[in-house]
Amino acid sequence: ALGPSLLASGSEDKTVRIWDLLTGECTRVLEGHSGSVRSIAVGGDGRRLVSGGMDNSVRVWDLSTGECLKVFQEFSDMTWSVSVSLSGRRVAAGSGDSSARVWELEADHEESEFGGEGRESPLAIRHPMHHQ
């Protein structure tokens, strides 16, 4: 889990890195993207991390093992933004193809797609006070 002394970063080298803030050491490297990682988000329980990037994909990672649990490749342009629900059950992402999508992870399917008329789809998710 991503605890209070850990930091996650995405970068141009196509990786997500987990850093120990107390020692400054990189404790884990998550590899799998084929392009720069542009956005990351951590679920409320700290167990899952979601990343999106220039390879048009959204990846869901298990932070305790470093394993990539799921890859969503539905976008036709880069992933600009990602978010994960407090419970870690839903993932949302916005893309340069002017769409935003929401996936229900337990059901393993896309729950919603939203099309836009703009050039990019930045994404903001409002988390309710209770876990959904």
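The values are calculated or read from the model by the stated rules, or taken from the named source; none is laboratory data. Small disclaimer: the values here were computed from a predicted structure and weren't measured. Cβ coordinates were reconstructed from backbone atoms using ideal geometry, including for glycine residues, and neighbour counts include every protein chain displayed. Heavy atoms of the whole protein, side chains included, go into the accessibility calculation; ligands, DNA and RNA do not. Shrake-Rupley method; radii C 1.70, N 1.55, O 1.52, S 1.80 Å.
Which ranges mark the strands (runs of 3 or more DSSP E) fully within the stretch 86-129 that have 1 or more residues being at pLDDT 85 or above?
Values: elements: 90-95, 99-104, 109-115.
Ranges flagged: 90-95, 99-104.
Does residue 83 satisfy the criteria of being over 15 Å from residue 105 (Cα atoms), hydroxyl-bearing (Ser, Thr, Tyr), crowded, with 20+ Cβ neighbours inside 10 Å and modelled with pLDDT of 90 or more?
Working: over 15 Å from residue 105 (Cα atoms): no; hydroxyl-bearing (Ser, Thr, Tyr): yes; crowded, with 20+ Cβ neighbours inside 10 Å: yes; modelled with pLDDT of 90 or more: yes.
Spelling it out, it is not the case that residue 83 is over 15 Å from residue 105 (Cα atoms), hydroxyl-bearing (Ser, Thr, Tyr), crowded, with 20+ Cβ neighbours inside 10 Å and modelled with pLDDT of 90 or more.
Go through the stretch 36-66 and give me each residue that's in a loop (DSSP other than H, G, I, E, B), open to solvent by less than 10 Å² (accessible area, probe 1.4 Å) and not hydroxyl-bearing (Ser, Thr, Tyr). Spell out the reasoning first.
Initial filter on the stretch 36-66 (in a loop (DSSP other than H, G, I, E, B)): 36, 43-47, 54-57, 63-66.
This time we only want the ones that are open to solvent by less than 10 Å² (accessible area, probe 1.4 Å), so: 43, 46, 57.
If the condition is that a residue be in a loop (DSSP other than H, G, I, E, B), open to solvent by less than 10 Å² (accessible area, probe 1.4 Å) and not hydroxyl-bearing (Ser, Thr, Tyr), then 43, 46 are the ones that fit.
Residue 67 - would you say it is under 25 Å from residue 107 (Cα atoms) and without any contact (Cβ under 8 Å) to a residue 12 or more places away in the chain? Before the answer, list the steps.
On the way: under 25 Å from residue 107 (Cα atoms): yes; without any contact (Cβ under 8 Å) to a residue 12 or more places away in the chain: yes.
Here the answer is yes, as residue 67 does meet what is asked.
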